[in-house]
1. When all protein chains stay in place, what accessible area (Å², nearest 10, 1.4 Å probe) is found for R148?
2. Over the Cα atoms of the range 1-42, what Rg and Dmax result, in angstrom?
3. Using Stokes-Einstein with the Kirkwood hydrodynamic radius over Cα pairs, what translational diffusion coefficient do you get for the chain at 10 °C and a viscosity of 1.306 mPa s, in µm²/s rounded to a whole number?
4. Which whole-Hz ³J(HN,Hα) couplings does the range 73-83 yield from phi under the Karplus relation 6.51 cos²θ - 1.76 cosθ + 1.60, θ = phi - 60°, glycine and proline marked x?
5. Roughly speaking, to the nearest percent, how much of the range 1-144's 1.4 Å accessible area is carbon and sulfur?
6. Filter the chymotrypsin sites (Phe, Trp or Tyr not before Pro) in the range 69-175 down to the DSSP loop ones having no more than 15 other Cβ atoms within 10 Å, then list what survives.
7. Starting from the Cα-Cα distance between D74 and L126, subtract it from 0.36 nm times their residue separation and give me the gain in nm to one decimal.
8. Over the range 65-169, average the accessible area per residue using a 1.4 Å probe and give it in Å², no decimals.
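The values are calculated or read from the model by the stated rules, or taken from the named source; none is laboratory data. All values derive from a computational prediction rather than experimental measurement. Here the Cβ positions follow ideal geometry from the backbone for every residue, glycine too, while neighbour counts run over all protein chains shown. Quick note on the areas: whole protein, heavy atoms, side chains included, nothing else; ligands and nucleic acids left out. Shrake-Rupley method; radii C 1.70, N 1.55, O 1.52, S 1.80 Å.
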Amino acid sequence: VICLTITSLIPENPPLIISGSFDNTIGIWNPDNSNLLKRLYGHTSYVNCLSTLMLGKQKVLASGSSDNTIKLWDLSSLLIIKTLNLGYLNHSIFCLAILPIKSQDLIVSGTFDKLIRVWNPKNGYLVKIMPGHTDSIRCLITFTINERIFLVSGSYDRKIIIWNPYKGQILWSLV
């Protein structure tokens, strides 16, 4: 197991644990009885990161992989609905974060190539590339203070960068 997230498929139901693995699969687990409910296949390399988001009224799982893709899974049908691809770049997706905006959530990815990418999951387009690190990006998180949203990235360059994610602007660098 490389990564975990937790979500409820139906709001009234208890949460499920979702795992990403070295065997290129995603497991959906019931923590009440430790049963594997479903194994999802679609990646061709390690599943390094997982996150959930809303795509309109649809609850979606985003999975990032060493196969250079982010796959979007409909959590009601458990089928792939879209693949976001780095294209010719051979860079693993190490981390994901969800950037909430009023109209829809955006996906933020961190990769081996030192760049943060912001994706529109609805059309699969790359919205923005954010340079700032000098080594691979290993972790991302968003947080809100007084209704202002920030993105925080951590890298093997030993820096934590706090961003204005809408402008792609570095606000602070913690070394």
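1. 120
2. My reading of the Cα-based Rg and Dmax gives 10.3, 32 Å.
3. Estimated diffusion coefficient is 97 µm²/s.
4. After applying 6.51 cos²θ - 1.76 cosθ + 1.60, I find 10, 6, 6, 8, 9, 6, 10, 6, 10, 6, 10 Hz.
5. The C+S portion of the solvent-accessible surface of the range 1-144 is 55 percent.
6. Passing sites in the range 69-175 are Y88, Y125, Y156, Y166.
7. 16.7 nm
8. Per-residue value: 49 Å².
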